[in-house]
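Novice: To start, I am sharing the structure in question, which I have written as structure tokens.
The values are calculated or read from the model by the stated rules, or taken from the named source; none is laboratory data. Remember, it's a predicted structure, so these values are computed and weren't measured experimentally. So basically every Cβ, Gly included, is an ideal-geometry build from the backbone, and we count neighbours across all protein chains shown. These accessible areas exclude ligands, DNA and RNA; they are computed on the full protein's heavy atoms, side chains included. Shrake-Rupley method; radii C 1.70, N 1.55, O 1.52, S 1.80 Å.
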Amino acid sequence: MQNRIDSPALTVPGALKALQGLGNAVKQTDIPDTTLQLVQLRASQINGCGVCVDMHSRELKNAGEAATRILTVAAWRDVPYFTEAERAALALTESATRLADSADPVPDAVWDDAARYYDETQLAALVLAIAAINAWNRLNVVTRQISGEWVSQWITPSQPTSRAA
């Protein structure tokens, strides 16, 4: 396996800072880090981004998340390990990531369910987080970035926030 080119985010001056700035802005809201990481992991799974699946799985593990939650994100509808708020965020993530799969890619029911758990600022932050991870996924997939132990240098240390699962 070999990447096609170096990461565009590391190659184009200012790109990394801009992408990280978007992520940092989202983190300034009061959406739980775990929810954001679940969103990032799920979008990355859908998009087949090995770098991001690797990174966000590690972040969740480092944050103290139970393996059952990390390993079942792709089947979140069929397991009991996620809160209703997390489920709403994951449904929004899937809809917003799969825009071309439906004539109504983000149905009102998906949006309204998310709005039951998140206020306007939080919804805006979720939309930005979903857009940002989709951008990262596309950069990595198009250029065939290869994951590996190097991703650990990009993971921000966090305090355990685990729930029993």
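Novice: Can you tell me which of Thr35, Thr121, Thr93 moves the most in a GNM of the chain? Springs connect C-alpha atoms under 10 Å apart.
Specialist: Taking springs between Cα atoms under 10 Å, the residue moving most is Thr121.
Novice: Hey, could you get me the Stokes-Einstein D for the range 103-146, Kirkwood radius over alpha-carbon pairs, 4 °C and 1.567 mPa s, rounded to whole µm² s⁻¹?
Specialist: After rounding, the answer is 107 µm²/s.
Novice: Where the only charges are on Cβ atoms (+1 Lys, Arg; -1 Asp, Glu), what is the dipole of the chain about its Cα centre, to the nearest 20 debye?
Specialist: 560
Novice: Just the projected area, averaged over all directions, of the convex hull on the alpha carbon atoms of the range 45-142: how many nm²?
Specialist: The directionally averaged projection comes out at 6.6 nm².
Novice: Now a separate question. For the range 67-113, what is the accessible area per residue in Å² when the probe is 1.4 Å?
Specialist: I get 53 Å² per residue for this part.
Novice: Round to a whole number: what % of the accessible area of the chain belongs to carbon and sulfur, probe 1.4 Å?
Specialist: C and S atoms contribute 56 percent here.
Novice: Follow-up. Rank-order 38-50, 127-139 by packing density, defined as the average count of other C-beta atoms within 10 Å over each peptide's residues, highest first.
Specialist: Highest-to-lowest ranking by the protection proxy: 38-50, 127-139.
Novice: Here is a follow-up. In whole Hz, what ³J(HN,Hα) sequence does the range 125-140 give by Karplus (6.51, -1.76, 1.60; θ = phi - 60°), x for Gly and Pro?
Specialist: My calculation for the range 125-140 gives 5, 4, 4, 5, 4, 5, 4, 5, 5, 5, 5, 4, 4, 5, 4, 6 Hz in order.
Novice: Per-residue counts of other Cβ atoms within 10 Å, averaged by peptide: what ranking do you get for 8-15, 63-70, 105-112, highest first?
Specialist: Result, highest mean Cβ count within 10 Å first: 63-70, 105-112, 8-15.
Novice: Specify which residue in the list Val26, Val142, Leu41 is farthest towards the positive end of the charge dipole of the chain, using unit charges on the beta carbon of Lys, Arg (+1) and Asp, Glu (-1), about the Cα centre.
Specialist: Val142
Novice: Another question about this same structure. Which whole-Hz ³J(HN,Hα) couplings does the range 33-43 yield from phi under the Karplus relation 6.51 cos²θ - 1.76 cosθ + 1.60, θ = phi - 60°, glycine and proline marked x?
Specialist: Calculated HN-Hα couplings, in order: 4, 4, 4, 4, 5, 5, 4, 5, 5, 5, 4 Hz.
Novice: Moving on to the next point. Hey, any idea what Rg/Rh is for the chain, computing Rh the Kirkwood way over Cα pairs?
Specialist: 0.95
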